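This report concerns only the one structure given below.
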Amino acid sequence: MRYLLCGINAKYIHSNLAIFCLKAYAEANGPTGAEYVIKEYTINHYVEDILQDIYEEKAEVVVFSCYIWNISFVRELAEELKKVSPDVQIWVGGPEVSYDAERFLRENPAVDLVMQGEGEETFTALVTRAEQAGAETLRSERRTWAEVKRNVLPENMPIGVAWREERTIHNTGFAPVMDMDAIPFVYEDFHLFEHKIIYYESSRGCPFSCSYCLSSVDKTVRFRSLSKVLPELQRFLDAGVLQVKFVDRTFNCRKSHAMAIWRYICEHDNGVTNFHFEISADLLDEEAMELFARMRPGLIQLEIGVQSTNPATIGAIHRNMDLPKLFANVDRVHRMGNIHQHLDLIAGLPHESYGQFRISFNDLYAHRPDQLQLGFLKVLKGTCMEAEAGKYAIRYRSQPPYEVLSTAWLTYDEVIRLKGIEELVEMYYNSGQFSGILSYVMPQFASPFDFFEQFSLSYRGKNCHKMNHNRMDKYRILREFLDEKMISLPFRDEVLLLDMYLRENVKSRPAWSGDLSGFRPLWKEMYRTCGEVLFPEDQAAGYYDSRKAANRSHMEYFHFDAVRFLEEGVLEEGEFFCLFDYSRRNPLNKNARILSLPAKEKPQITGVYAK
């Protein structure tokens, strides 16, 4: 029989690790003769297009992997698919259906079966039973699948399944946790994942008890043996994949496991692949720090879930962390300059008022993370937070993603205001495209939070949040806001221009940038005669070409030393030419290599990569 496994992802660059695990495990441990087909879509596809594609596969069983971002698609697709293929069996699994399976079956009559918990063994057992019962009946009685399917599933159902039989719903409970070594390596054909993030898990479960997280439900932390993990990592390295994202909930909860993996990728670095880890930074020790310091810039990136700096909040969500040690380690990694760090906050947690969230935001901002992720509490099914929502007067959306609307400490008006701040933090801070101007103007405001709050009020007051903006628009909007606040610091517009050219060679100069046509003959001459200063690597390698060099770079005139400003935060007044070389970018922030050249002297190099 034909089994179609469907993943509906949030973005094209994502892939659905779950359905690949189901397929790999079933192929290794299930019956021969079963045919498995994987289809991946995104929430940006039209439901009608997905429906047609699934229908044309003519599978006897269709399996959906269910999450908060795609469950509405799954419900609709299941209902419509049953209309056009009434004999198809529809099975579902994943966190969005595992914790309320019986209710889901009652509310979605098109769905035949829910797999609860880890699905590899359950799915394989279901396929084995379906293949055996279906094949025997088809051979002996010459009946069609439509006639057989009602008799395939009801008896001797494996643990981990809830299913409908006529009007009765049966439930065998949650599947037992798995041995991680039993799961085959799923990435046999890397061509299927071109231009996508590769997801990998070396452990399941979490030792911590954060009340908002589904991982806290399962306290059984299991690790994949290093004898399997390290050769699998080598396959990623040999294939030259761009990014491998570990989905382990707290990657470094077992030091020996984490250090072995970090040490391996450091020693076998291919110069291309980036590895992403979600960690507890307060668990890092001197040995880890010394290893981090030896890593290639861009080899790893770290995501650190702080969530709040309010002690009452941390206690209420059952979180255990040493904040002073966490921030000390974050600062130390930041000073290394070779590792990209994300710090996460969650708005809407217990005891976190608007004013207290302001404190948490400023606490994290002070440590200059590469990204500050401002998220909102999602009250997920099966979590402790769901059980305690009434205790904290947490009101949240009835439909996925079950996001907070208000709490005993936070009104919906304040949630809306924080949404506006989140939008601008993402656009102006996390993009990394405005780092110079943000650092320059931030001291003019009471705090970083106040800057983004006031900026958001101006932005939304002009209905800018209802429109899409290109990059030039974003500079214009920020500049207009600074004008409104009468922030007219010396060389402010030049700092804006510096940020603009750090990322790309903008073809159309903004009206406020000034006319530099008078410098162009001089710059043309510099490209011809100063290659050993402007492009020493090319000159040393013997392939310097002034025209090609000019095409992949840009010259600008500033009244300050751009390199010193970016590296030290010092605005040294003077006349400088600045070269932006887009062929050699900083591996962490993707900024162009820049050189600052005194405009009135013989050009001499005074800077390298901007940080």
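The values are calculated or read from the model by the stated rules, or taken from the named source; none is laboratory data. In this text the structure is predicted, and so the values were computed from the model without any measurement. Neighbour counts run over all protein chains shown; Cβ positions are idealised from the backbone, glycine included. When the accessible area is computed, the model is the full protein with side chains, heavy atoms only, and any ligands, DNA or RNA have been set aside. Shrake-Rupley method; radii C 1.70, N 1.55, O 1.52, S 1.80 Å.
Can you tell which of 37, 63 is open to solvent by 10 Å² or more (accessible area, probe 1.4 Å), in contact with a Leu (Cβ under 6 Å, 6 or more places away or on another chain) and either of a type in the set (Val, Ile, Thr) or closer than 28 Å to residue 197 by Cα (or both)? Give the steps one after another, and end with the answer.
Working: 63 fails: open to solvent by 10 Å² or more (accessible area, probe 1.4 Å).
Unique residue meeting the criteria: 37.
In the list 306, 272, which residue meets the criterion of being of a type in the set (Val, Ile, Thr) and surrounded by fewer than 16 Cβ atoms within 10 Å (Cβ to Cβ)?
272
Out of the range 454-500, which residues are outside any helix (DSSP H, G or I) and either in contact (Cβ under 8 Å) with a residue 60 or more places away in the chain or not aliphatic (A, V, I, L, M) (or both)?
Those that are outside any helix (DSSP H, G or I) and either in contact (Cβ under 8 Å) with a residue 60 or more places away in the chain or not aliphatic (A, V, I, L, M) (or both): 462, 463, 468, 469, 470, 485, 488, 490, 491.
Looking at 368, 395, which one is under 30 Å from residue 275 (Cβ atoms) and open to solvent by 20 Å² or more (accessible area, probe 1.4 Å)?
None of the other options fit; the residue is 368.
Counting just the residues of the range 371-392 that are out of contact with any strand residue (DSSP E or B) (no Cβ under 8 Å at 6 or more places or on another chain) and of a type in the set (Lys, Arg), which one comes out surrounded by the most Cβ atoms within 10 Å (Cβ to Cβ)? Give the steps one after another, and end with the answer.
Narrowing the range 371-392 to residues out of contact with any strand residue (DSSP E or B) (no Cβ under 8 Å at 6 or more places or on another chain): 380-388, 390-392.
Now narrow it down to the ones that are of a type in the set (Lys, Arg): 381, 391.
Values: 381: 17, 391: 11.
The extreme case among them is 381.
Could you tell me which of the residues 254, 249 is under 20 Å from the mean Cα position of the chain (by Cα), under 17 Å from residue 201 (Cβ atoms) and not polar (S, T, N, Q)?
249 is the lone residue from the list that is under 20 Å from the mean Cα position of the chain (by Cα), under 17 Å from residue 201 (Cβ atoms) and not polar (S, T, N, Q).
Looking at (1) out of contact with any helix residue (DSSP H, G or I) (no Cβ under 9 Å at 6 or more places or on another chain); (2) of a type in the set (A, V, I, L, M, F, W, C); (3) closer than 21 Å to residue 472 by Cα, can you tell me which one residue 530 breaks?
With (1) out of contact with any helix residue (DSSP H, G or I) (no Cβ under 9 Å at 6 or more places or on another chain); (2) of a type in the set (A, V, I, L, M, F, W, C); (3) closer than 21 Å to residue 472 by Cα applied to residue 530, the lone miss is (3).
Being in contact (Cβ under 8 Å) with a residue 24 or more places away in the chain, under 30 Å from residue 469 (Cα atoms) and of a type in the set (A, V, I, L, M) is the filter here, so list the residues in the range 375-431 that pass it.
Scanning the range 375-431 gives 377, 404, 415, 418, 421, 424, 425, 427.
Could we say that residue 282 is buried (at least 17 other Cβ atoms within 10 Å of the Cβ), in contact with a Gly (Cβ under 6 Å, 6 or more places away or on another chain) and farther than 26 Å from residue 228 by Cα here?
no
In the range 66-101, how many are open to solvent by less than 30 Å² (accessible area, probe 1.4 Å) and outside any loop (DSSP other than H, G, I, E, B)?
Looking only at that region, the number is 14.
Output the number of the condition that residue 276 fails; it satisfies all remaining conditions of (1) in a strand (DSSP E or B); (2) more than 23 Å from the chain's Cα centre (by Cα).
(2)
What are the residues in the range 169-184 that are aliphatic (A, V, I, L, M), assigned to a loop (DSSP other than H, G, I, E, B) and open to solvent by less than 60 Å² (accessible area, probe 1.4 Å), if any?
The answer is 175, 178, 183.
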